[in-house]
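Here's the structure, in C-alpha cells; my notes come after.
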Amino acid sequence: MATTTKPKAKSKAKRRSPKKTLVIVESPAKAKTIEKYLGRSYKVVASKGHVRDLPKSKMGVDIDHDYEPHYISIRGKGDTIKELRSAAKKAKKVYLAADPDREGESIAWHLSHILDLDPKEDNRVVFNEITKDAVKESFKHPRNIDMNLVDAQQARRVLDRLVGYSISPLLWQKVKKGLSAGRVQSIALWLIIQRENEIKNFTPEEYWSIDSEFKKGRSKKFKASFYGLNGKKHDLPNNDAVQDVMKRLDPKGDFDITKVTRRERKRQPQPPFTTSTMQQEANRKLNYRTRKTMMAAQQLYEGINIGKEGSQGLITYMRTDSTRISIIAKHEASTFLHEKYGAEYAATKPIKGKLPEGAQDAHEAIRPTSVFRTPASLKKYLTKDQFRLYQLIWSRFMASQMTPAIMDTMAVTIEQNGVTFKANGSKMKFDGFLKVYGDGKEKDNLLPDLETGDQVKLVNSNPDQHFTQPPARYSEANLIKALEEKGVGRPSTYSPTIDTIQRRYYVKEVGRRFEPTELGEIVNKIIVEYFPDIVNIDFTANLEGKLDQVEEGKENWIKLVDKFYRPFSTEVESATKNMEKVQIKDEPAGFNCEICGAPMVIKMGRYGKFYACSRFPDCRNTKAIVKEIGVICPKCHEGQVIERKSKRHRIFYGCSRFPDCDFISWDKPVGRDCPKDGHFLVEKKVKGGTQVVCPNGDYEEPAQK
C-alpha cells in the first residue's frame with residue numbers, strides 16, 4: 001500500500017530578527033554617516049541636540065540645596081524622547097556617541113537619565129573625526145560617562161543661569177522689557193564700548209612723510225622714504241620740519257648709496273586652525289559671520305555625500321583650542337606633498353603652534369580627514385559655503401606641514417648733505433607654503449642692482465601731511481581674537497555671544513564693524529556700576545580657569561558656584577534697592593499721527609528705532625523708519641526703493657509698497673538697467689570701493705573708490 005507524506009504544518013511563530021546595537025548621536029547627518037561605517041548590526045539614531053535643559057520660565061536652580069539644577073524635557077522633544085526610549089528597549093546594547101567635548105558629555109549624561117542607563121557603564125564612545133577607521137576604533141574602547149566633564153558643563157550652565165536670571169529681570173524692571181545680561185556677552189559689550197570711548201577721546205596728531213623717487217643711470221625708478229638726519233631717525237611733526245629737510249637737499253646733485261644690505265628672509269607658515277583662528281580667518285578672508293562658519297564646519301564634520309564613497313566626514317572636530325596634529329595625519333600630508341610638489345616643499349619638522357593660556361588640548365587641530373580629498377575633487381559635492389570653508393581648512397593645514405617661503409631682501413641707505421633716505425626691496429626665491437596658502441601680499445618689489453659707493457639722481461620728492469588715526473572699531477574677527485587673548489569664554493561661546501548682543505540691539509554693525517547703540521550704553525553703564533565683577537576681565541578669565549579645573553577633577557563645581565554666587569547675590573540685592581528707573585526719552589519725529597493727529601515720536605524697540613504715536617497705548621499707530629535711496633522700484637515702477645534691516649541687522653533693499661510689491665535685493669539698486677540684458681544694475685562693495693554690476697554677471701563697470 002502506497003504511503004503519502006503529510007505536508008509539514010507551517011510554523012505560526014515568526015522568525016525574530018536579531019537585536020541590534022543602538023548608537024545615539026546628536027544630528028541626523030552624523031547618524032547617517034556613522035551607520036554606514038558600522039554595518040547592519042547597528043542602528044544609529046539622533047537625539048537632535050539636548051533632550052533636557054533648565055526651564056525657560058524660571059531660574060531652575062535650587063540655591064538653597066547645593067545649586068541643584070531642575071532639568072526638564074525640552075519642549076518639542078517629546079516625540080524624539082519617546083522614539084529613543086522605544087529603540088533603547090529593543091536594543092541589545094546602547095552606546096552614546098555625542099560630540100567629544102563638555103557639551104557632548106552633558107548630552108550623553110542626560111540621555112543616560114531619560115533612558116535609565118547606568119552612567120557608570122562603559123557605553124560612551126568618542127571620536128575626533130568621522131571616518132571609518134576612527135569610528136570603528138572608538139567602539140573598541142568605550143568608557144563610562146566622564147562626570148568631571150559633565151560637572152564643568154553643568155557649572156557653566158548654572159553660573160550663566162544665575163547671572164542671566166538675576167540681572168535680566170532688573171533690566172526689564174528698570175530699563176525696558178526684552179533685555180538680557182550674561183557673563184561673556186557683558187564683557188563683549190564692554191570691550192566694544194571701551195573701544196568707542198577711545199575713539200571719541202582720541203586726539204589726532206600731525207606728522208609728515210617725504211616719499212621720493214630715485215634713478216641710477218638708465219635703470220628703472222625706485223622709491224625711497226625719508227629716514228632721518230645724520231644717520232639718526234628723525235620725526236617730521238609739522239611742515240616747518242619738512243621745509244628744514246628740503247632746504248638741505250640739492251635736487252640736481254648726486255645722492256650717495258652709503259649702505260646696501262642683502263639678506264635671505266624666511267617666512268614661516270602658520271599652524272593649522274583652532275576654532276577661534278578658523279572663525280577669524282573665515283571672517284577676514286571669506287567675509288563669513290561666526291554662525292555661518294560654524295554651521296558649515298559642523299556639516300563638513302558630520303558628513304557629506306561625495307558620490308561613490310557615500311557620506312564621509314571631511315574635517316576633524318571643529319571645536320578645539322589645540323594646534324596638535326596626529327602622526328598619521330602628518331605622514332599623510334608628507335606623502336601628498338612629496339607626490340604633488342616635491343620633497344623640497346615637505347617640512348621635516350612642521351611648525352608647532354602655542355596653546356593660548358587656559359586653552360584645552362583635548363582634540364587635534366581642525367584639519368581634513370584625508371588630504372587626498374582636495375578641494376577641487378570635492379567641489380561638485382559641496383555647497384558654495386562648504387567648499388570655500390573646506391578649501392580654507394585644507395590649505396591652512398597643508399601649509400602648516402610645508403617649508404617656509406624664502407625671500408631675497410635688499411635694504412639701501414641713500415644720503416646727501418646729512419639727509420638719509422631708505423629703500424627696501426624683495427624678491428621671491430622659493431615660494432614654499434605660499435604655493436597653497438598665499439594671501440596676495442607676496443609680490444616682488446625689486447630694486448635696481450645697487451652697490452655701496454654708487455650714486456643716484458633724485459627724480460621727484462613728495463612731502464605729505466598725515467594725522468594719526470584712532471583705533472579701529474572691532475570687527476567680528478577682532479572681537480573674537482580679543483576675547484580669546486583675554487581668556488574670556490570659549491570658542492563655542494563666541495558665535496551665540498555675538499549673535500545675542502546684536503539681537504538685543506546693544507550693538508549695530510556698520511561697515512562690518514561694531515558700534516554700540518544708546519541701549520547698549522545704558523545696559524553697560526548699569527552692569528559696570530552695580531555688577532563690576534561681571535565686566536572684570538581678570539575675574540571672568542579666572543572663572544574660566546576654574547571651570548577647566550572642574551573638568552580636570554581638581555575643583556568641586558558646587559563650591560565654585562557658591563564662591564561666585566554669595567557676593568553676586570549681595571550685589572543683586574543692592575541693585576534692586578538702589579537702582580533708579582532709567583527713562584529712555586522718546587525723540588520727536590517732526591510729524592503727526594495720521595490716525596489721531598497726536599505728535600509722532602521715535603521709540604527704541606528690540607530691532608532698533610521706529611515711529612510710534614505719542615498717545616500709546618490709546619493709539620497704537622506705528623511706522624518703520626525708512627531711508628529712501630532715490631531710486632524707483634525696478635519691479636512695480638511705482639514705489640520707492642528703501643533701505644531696510646533684517647532681524648540680524650543686515651541691510652537690504654525693498655519696495656516702499658510692500659506687501660503689494662515684493663521686490664527685494666541685498667545689493668543697492670542704482671536706478672539704471674543693464675545695457676546687455678535689461679536687468680536692473682546694483683552697487684556691490686569690492687576691495688577699496690564699490691562697483692556697479694549686473695546681478696546676472698553680464699556687465700560690470702570700473703570700480704570706484
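The values are calculated or read from the model by the stated rules, or taken from the named source; none is laboratory data. A quick note: this is a predicted structure, and the numbers were derived from the prediction, not measured. Glycine also receives a Cβ, built like all others from the backbone with ideal geometry; neighbour counts cover every protein chain displayed. Calculation scope for accessible area: heavy atoms of the full protein, side chains included, ligands and nucleic acids excluded. Shrake-Rupley method; radii C 1.70, N 1.55, O 1.52, S 1.80 Å.
Quick one: helix 78-90 against the long Cα principal axis of the chain, what's the angle to the nearest 10°, folded into 0 to 90? Rounded to the nearest ten degrees, it is 60. Here's the list of lysines a cross-link from Lys132 could span, going by alpha-carbon distance under 17 Å and ignoring same-chain residues fewer than 8 apart: Lys30, Lys32, Lys36, Lys43, Lys140, Lys308.
The trypsin sites (Lys or Arg not before Pro) of the range 228-273 that meet both conditions, a loop assignment by DSSP and at most 12 other Cβ atoms within 10 Å of the site Cβ, are Lys252. Which of [x] 190; [y] 163; [z] 307 is the computed volume of the Cα convex hull per residue in Å³ for the structure on display? Label of the calculated value: [z]. Oblate is the label for the range 496-586, because the ratio a/c of its alpha-carbon gyration tensor axes (a ≥ b ≥ c) is 1.5 or higher and a/b is not greater than b/c. Over the range 133-278, the Kirkwood radius and the radius of gyration, each from Cα atoms, give a ratio Rg/Rh of 1.27.
Summarising the amide proton neighbourhood of Val419: residues at separation of 5 or more, or on other chains, whose placed amide H is nearer than 5 Å comprise Asn230. For the chain, the solvent-accessible area works out to 55 Å² per residue, with a probe of 1.4 Å and every protein chain left in place.
Loop-resident trypsin sites (Lys or Arg not before Pro) (DSSP state other than H, G, I, E or B) in the range 435-476 with no more than 12 further Cβ atoms inside 10 Å of their Cβ: Lys441, Lys443.
The solvent-accessible area of Phe564, taken with every protein chain present and a 1.4 Å probe, is close to 10 Å². Surface composition of the chain: carbon plus sulfur atoms contribute 48% of the solvent-accessible area (1.4 Å probe, protein chains only, all chains present). FRET efficiency for the pair Lys266 and Glu451, taken as 1/(1 + (r/R0)^6) with r the Cβ-Cβ distance and R0 = 25 Å, rounds to 0.50. Label separation (Ile625 vs Arg143): 5.4 nm, computed from points 7 Å beyond Cα along the C-beta direction. Once the Cα atoms are used to define both axes, helix 518-530 deviates from the longest principal axis of the chain by about 70 degrees. Taking all protein chains as they are arranged and a probe of 1.4 Å, the heavy atoms of His234 leave approximately 80 Å² accessible to solvent.
May I ask for the net charge around Cys633, where only other residues with Cβ less than 12 Å from the Cβ of Cys633 are counted and Lys, Arg are +1 while Asp, Glu are -1? In short, -2.
Once both axes come from the Cα atoms, what is the angle between helix 183-200 and the longest principal axis of the chain, in degrees from 0 to 90, rounded to 10? Taking the Cα atoms of the chain, the angle to 183-200 is about 10 degrees. Taking 0.36 nm per residue of sequence separation and removing the Cα-Cα distance, the Cys596/Glu518 pair yields an extension gain of 25.1 nm. A protection proxy built from the mean count of other Cβ atoms within 10 Å ranks the segments 388-396, 567-575, most packed first, as 388-396, 567-575. The chymotrypsin sites (Phe, Trp or Tyr not before Pro) of the range 265-334 include none that DSSP puts in a loop with a beta carbon having at most 11 other beta carbons within 10 Å. Heavy-atom accessible surface of Asp66, to the nearest 10 Å², is about 100 Å², with a 1.4 Å probe and all protein chains retained. In this structure, the pairs whose alpha-carbon distance is over 20 Å, taken from Lys176/Lys563; Lys266/Lys427; Lys603/Lys645; Lys292/Lys668, are Lys176/Lys563; Lys292/Lys668.
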